[in-house]
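Undergrad: My questions will all concern the structure given below.
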Amino acid sequence: MNYGEIKLALKALINRKDITDALAGQFVNQVISDLERILRLGFMEKLLPVTMDGITNAIRIPRDYLELMNFFTDDNELEQCDISRFLKTEDCGTPRLFIKVGDRWMIKPKPQADSTVYLNYFSQTDALVADTDNNPWTLACTNAVLYGAAELAADFFEDERAARFQAKNQQYRDELAEQAIDEVFSGPMAIQPAICGDY
């Protein structure tokens, strides 16, 4: 469904004369934002390669950033550390550490010019604006969006059907959470032994 279609479906489900198009749109965008805060689905993943200039060791956090998955170079995965360890680390050699400071990540040792650092993160979608707009939530998770928006609308209007919409909304959220777990554990996996080393 696109934005216009899901707003129409919401208005039909709520069946109230006082739910305007703008209000329906507000509920749809709000529930998508809520879903993005609690769920981590495959379509939310983004890989951002950043070419370094050799002068700075900082990368600005993307506007659509929700949660970091991996931070790595062509040679190794970067390890997040505390500020004390970061400051004590020599600024020469292969990048291996990072910290978050304000709206950016800082890397040590500093990446060389023309090297690439990769951000693999969960991203949020842009708000729906035009009726023809859609995103993975409206296309693949329509019922979760629809019943989540209906729950918000019922709460807003103090509608007696709020508990019913809430139950349906929770059912769809649980199904999406289960799907996310299945996706993570699907396919071949290599699991490290619990104890390593000589003994």
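The values are calculated or read from the model by the stated rules, or taken from the named source; none is laboratory data. Keep in mind that what you see is a predicted model, and the values were worked out from it rather than measured. Cβ atoms come from the backbone with ideal geometry, glycine included; neighbour counts cover every protein chain shown. We work out accessible area using only protein heavy atoms, side chains counted, and drop any ligands, DNA or RNA first. Shrake-Rupley method; radii C 1.70, N 1.55, O 1.52, S 1.80 Å.
Undergrad: Taking the stretch 76-93 on its own, how many of its residues are open to solvent by less than 70 Å² (accessible area, probe 1.4 Å) and of a type outside the set (Gly, Ala, Ser)?
TA: 5
Undergrad: A follow-up question, please. Which is free of Cβ contacts under 8 Å to residues at least 12 places away in the same chain, out of contact with any Gly (no Cβ under 6 Å at 6 or more places or on another chain) and within 30 Å of Glu79 (Cβ to Cβ), of Gly93, Gly102?
TA: On the way: Gly93 fails: free of Cβ contacts under 8 Å to residues at least 12 places away in the same chain.
Unique residue meeting the criteria: Gly102.
Undergrad: Looking for whichever is over 16 Å from Tyr3 (Cβ atoms), open to solvent by 20 Å² or more (accessible area, probe 1.4 Å) and either free of Cβ contacts under 8 Å to residues at least 12 places away in the same chain or not aliphatic (A, V, I, L, M) (or both) here; the options are Asp155, Asp131, Asp126. Which one fits?
TA: Asp155
Undergrad: All but one of (1) modelled with pLDDT of 90 or more; (2) open to solvent by less than 80 Å² (accessible area, probe 1.4 Å); (3) farther than 20 Å from Asn29 by Cβ; (4) within 24 Å of the chain's Cα centre (by Cα) hold for Ser186, so report the exception by its number.
TA: Every condition holds for Ser186 apart from (1).
Undergrad: So in the stretch 46-75, with the set limited to residues that are of a type in the set (Asp, Glu) and in contact with a strand residue (DSSP E or B) (Cβ under 6 Å, 6 or more places away or on another chain), which one is least open to solvent (accessible area, probe 1.4 Å)?
TA: Filtering the stretch 46-75 for residues that are of a type in the set (Asp, Glu) and in contact with a strand residue (DSSP E or B) (Cβ under 6 Å, 6 or more places away or on another chain), the one least open to solvent (accessible area, probe 1.4 Å) comes out as Asp64.
The rows are residues; the columns are (1) in contact with a Leu (Cβ under 8 Å, 6 or more places away or on another chain); (2) of a type in the set (S, T, N, Q); (3) not assigned by the TED database to the domain that holds Asn143.
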site: Gly25; (1), (2), (3): yes, no, no
site: Asn29; (1), (2), (3): yes, yes, no
site: Ser33; (1), (2), (3): no, yes, no
site: Leu47; (1), (2), (3): yes, no, yes
site: Thr51; (1), (2), (3): no, yes, yes
site: Gly54; (1), (2), (3): no, no, yes
site: Ile61; (1), (2), (3): no, no, yes
site: Tyr65; (1), (2), (3): no, no, yes
site: Phe71; (1), (2), (3): yes, no, yes
